[in-house]
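Enquirer: After the structure tokens below, expect a handful of questions from me.
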Amino acid sequence: MAQAADRESTHDMAVALTDLQLSLGAGAARVHILKGISLNIRRGEIVSLVGPSGSGKSTLLMTLAGLERPDSGSVVVAGQDLTSYGEDQLARFRGRNVGIVFQSFHLVPTMTALENVALPLELAGAADAFARAAAELAAVGLADRAGHYPAQLSGGEQQRVAVARAIVANPPLLVADEPTGNLDEATGASIIDLLFALRRERGSTLVIVTHDNNLAARCDRVIRIRSGRIDAAGADASAEAAA
């Protein structure tokens, strides 16, 4: 009976991290960032990762997104163990399963908004890349800005383009690293409302790194990271604990 329950709970997990150890840098400059982190995130859950600067929360987010490789431990996303994948496999996996929103937008400056959003689909060989990109730009309220380049867009508009690019392949996992960090308060709030609405409509899992206690309080669960470890006092804290 317990084994059946374990299989069911594993199936319900969007992300399962086990004893992650990760160091960055070389030689004397090498720094131990993640120190034995284990964490399960259920499908459809909204989780915030909070903690002091340098605590390892962004590195943890990039690891579960398949952009950083742990030195040891396992990273299972959508039922796939990413630690066994080569770089090409990881890139294909991310293209289908993970949407990423960065603080600094990371748009290609020589591409229009439409081209930026279509890019992941083009790389995947989708024949309808531009039609789907146009639909996603409309979904984030930028149908009339499709032909504009990033430099012609406001910060909030650029982040909306980045959100559209992140969701265009309809990934089951959406991760966001300080998505409001470069935006004013009102614009940032509109981006968060957009992310939450899209997650609700599509049933995806959303993991957000944030310093904003008000944003953390809106999430289903708050995970507190301190010095590369999950803070035992806040490992499964309710969202109210962030208020």
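The values are calculated or read from the model by the stated rules, or taken from the named source; none is laboratory data. These numbers come from a predicted model, not from an experiment. Here Cβ is always computed from backbone atoms with ideal geometry, including for glycine, and neighbour counts include all displayed protein chains. In case anyone asks, the SASA skips ligands and DNA or RNA and just uses the protein heavy atoms, side chains included. Shrake-Rupley method; radii C 1.70, N 1.55, O 1.52, S 1.80 Å.
Enquirer: Could you work out how much longer the chain between residue 74 and residue 220 gets when fully extended? Use 0.36 nm per residue separation minus the Cα distance between them, nm to one decimal.
Expert: Gain on extension, residue 74 to residue 220, equals 50.2 nm.
Enquirer: Sequence-distant or interchain residues sharing an amide H contact under 5 Å with residue 226, placed H: which?
Expert: 231
Enquirer: Just the number, please: Stokes-Einstein D of the chain in µm²/s, Kirkwood Rh from C-alpha pairs, 4 °C, 1.567 mPa s.
Expert: Calculated translational D: 70 µm²/s.
Enquirer: With Cβ to Cβ distances under 11 Å as the rule, what net charge do the other residues near residue 87 carry (K, R +1; D, E -1)?
Expert: +2
Enquirer: Send over a whole-number figure in Å² for the accessible area per residue of the chain, probe 1.4 Å.
Expert: The answer is 47 Å² per residue.
Enquirer: Could you tell me what percent of the accessible area of the chain is made up of carbon and sulfur, with a 1.4 Å probe and every protein chain present?
Expert: Carbon plus sulfur share of accessible area: 50 percent.
Enquirer: Just want to confirm a number: the relative contact order over the chain, from Cα pairs under 8 angstrom separated by 6+ residues, in percent.
Expert: Relative contact order, the chain: 25 percent.
Enquirer: Now for a separate question. Tell me, in nm to one decimal, what length is gained between residue 67 and residue 231 on full extension, where the rule is 0.36 nm per residue of separation less the Cα-Cα distance?
Expert: Extending this stretch completely gives an extra 56.7 nm.
Enquirer: Would you calculate the separation in nanometres between label points at residue 28 and residue 89, each defined as 7 Å from the Cα along the Cα-to-beta-carbon direction?
Expert: 3.9
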